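The values are calculated or read from the model by the stated rules, or taken from the named source; none is laboratory data. Just so we're clear, the structure is a prediction, and the values are computed from it rather than from any experiment. Here the Cβ is made from the backbone with ideal geometry for all residues, glycine too, and neighbour counts use every protein chain on show. For the accessible areas, the whole protein counts, side chains as well, though only heavy atoms, and no ligand, DNA or RNA atoms are used. Shrake-Rupley method; radii C 1.70, N 1.55, O 1.52, S 1.80 Å.
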Amino acid sequence: MSEQSIAFIGLGNMGQPMCQNLLKANYKVIAFDISASARDAAREAGAAIATLAADAATNADVIITMLPAGEHVLETWNSALASARQGALLIDCSTIDVESARKAHELAAAHGAASLDAPVSGGVGGARQAALTFMAGGTQEAYARAEPILMKMGRKVFLCGGAGAGQAAKICNNLLLAISMIGVSEALNLGARLGLANQAMYDVITASSGRCWSLETYCPVPGPVPASPANNGYKAGFAANLMLKDVRLSQKAAAAAGAATPLGALAEQIYSQFSEAGFGDTDFSGIIKFLETQKRPA
Ligand code: NAD
């Protein structure tokens with residue numbers, strides 16, 4: 001068993017398997033979630049259970065949060081910091097807005113705690129396989145303490161800069177992914193209407209200048225990439241609502257920073273229509289089916 005004890009708060013689709021990987025790596029974990037069934041699952045996996053965030057934090061060297069949004073992280077860090085040890089390290093792995101991430105770092109500093117924002121890429125599959133990528137923001141010292149722990153839940157950890165830099169990197173990546181999936185869908189849709197087979201389009205583009213991850217690895221039509229959600233009825237994968245959340249975060253950050261993101265704004269509109277049409281829980285690559293049904297303006 002590792003000397004370090006870790007409080008893990010937020011045991012949902014991502015947090016549960018991440019917590020389990022820390023247990024497998026022999027860390028002493030005390031877990032908390034507001035959901036009783038999530039706590040039961042963590043108990044079964046071998047974690048000690050707390051019934052309050054503050055109780056989970058009391059004796060922990062490291063406190064990890066994996067929560068839905070900025071408000072939950074700030075509320076939880078506030079409670080945890082009130083009872084945390086001097087010099088504890090707080091790591092937030094949730095995807096939240098840059099402003100809240102920076103506020104969370106300020107809260108930690110005011111309590112004499114070290115902190116890191118460390119959102120992830122890789123989804124539920126990556127969390128289960130301990131194959132996540134972490135993009136971190138904070139001091140070199142906090143990063144050095146966090147890195148060995150994060151490497152038990154993932155394969156790559158990048159320190160991107162100071163407070164909030166991990167969240168900034170995450171939303172810039174997902175802004176690009178949101179746009180590129182729409183771009184790939186438009187190209188495949190147009191190709192199909194011009195009589196081209198999807199496989200022919202795939203073969204040509206993956207060997208040409210339009211190649212990108214959205215087509216090559218996550219192809220939104222069935223056939224060319226057997227493991228892509230398109231072959232499984234667009235079961236998520238990465239749900240359209242989560243993509244919409246990230247695009248919205250990118251637009252909020254772009255507004256605050258005064259950065260022009262016209263395609264990002266359009267992507268937000270398109271994923272929002274897709275979600276409102278009832279597809280929010282399906283994979284975001286199903287956006288191609290949605291675009292196929294849209295009429296070209298006269
Ligand atoms: P989820 O909704 O499955 O889990 C969130 C958990 O937090 C739930 O179990 C909920 O009960 C718990 N919770 C909410 N408020 C709480 C509080 N105040 N105290 C304690 N527990 C609380 O979400 P998820 O899919 O696990 O995602 C978690 C974070 O990771 C989100 O920020 C999401 O954007 C990000 N993320 C998700 C994915 C993915 O594919 N699911 C990929 C990358 C990043």
*Quick one: pull the percent of accessible area on the range 8-143 belonging to carbon and sulfur, 1.4 Å probe, ligands and nucleic acids left out.*
50 percent
*Considering only DSSP beta bridges whose two residues both sit in the chain, what percent are antiparallel, to the nearest 5?*
20 percent
_Zone of Asn173's modelled label, taken as backbone nitrogen in the range 61-86 under 20 Å from a point 7 Å along Cα→Cβ_ = 64-70
*Points 7 angstrom from Cα along the Cβ direction at Arg248 and Val204: gap in nanometres?*
3.9 nm
_If the elastic network links every pair of Cα atoms under 10 Å, which of Ala239, Ala144, Ala50 fluctuates the most in the Gaussian network model of the chain?_
Ala144
*asked:* For a protection proxy built on the mean count of beta-carbon atoms within 10 angstrom, sort 115-122, 51-58, 208-215, 156-163 highest first, please.
replied: 115-122, 51-58, 156-163, 208-215
*Pulled fully out, how much extra length does the chain show between Ser272 and Gln140, if you take 0.36 nm times their separation in residues and subtract their Cα-Cα distance?*
43.7 nm
*Which ³J(HN,Hα) values in Hz, rounded to whole numbers, follow from the phi angles of the range 182-194 under the Karplus curve 6.51 cos²θ - 1.76 cosθ + 1.60, where θ = phi - 60° and Gly and Pro get x?*
5, x, 4, 5, 5, 5, 5, 5, 5, x, 4, 5, 8
*Send over a whole-number figure in Å² for the accessible area per residue of the chain, probe 1.4 Å.*
47 Å²
*Label point 7 Å beyond Cα of Gln86 along Cβ direction - residues of the range 95-123 with amide nitrogen under 13 Å*: 111-113
*Descending Cα extents along the principal axes, the range 51-167, whole Å*: 33, 30, 25
*Work out the FRET efficiency for Lys156 and Ala227 from their Cβ-Cβ distance, taking R0 = 22 Å, and round it to the nearest 0.05.*
0.60
_Net charge dipole size for the chain [Lys, Arg +1 and Asp, Glu -1 on Cβ; Debye, nearest 20]_ = 460 debye
*Which FRET efficiency value, to the nearest 0.05, do you get for Ala298 and Ala256 by plugging their Cβ-Cβ distance into 1/(1 + (r/R0)^6) with R0 = 45 Å?*
0.75
*Looking at the square roots a ≥ b ≥ c of the eigenvalues of the Cα gyration tensor of the chain, which shape do they give, rounded for a/c under 1.5, prolate if a/b is larger than b/c, or oblate?*
prolate
_Quick check: the angle from helix 240-257's long axis to the longest principal axis of the chain, C-alpha only, nearest 10 degrees?_
80 degrees
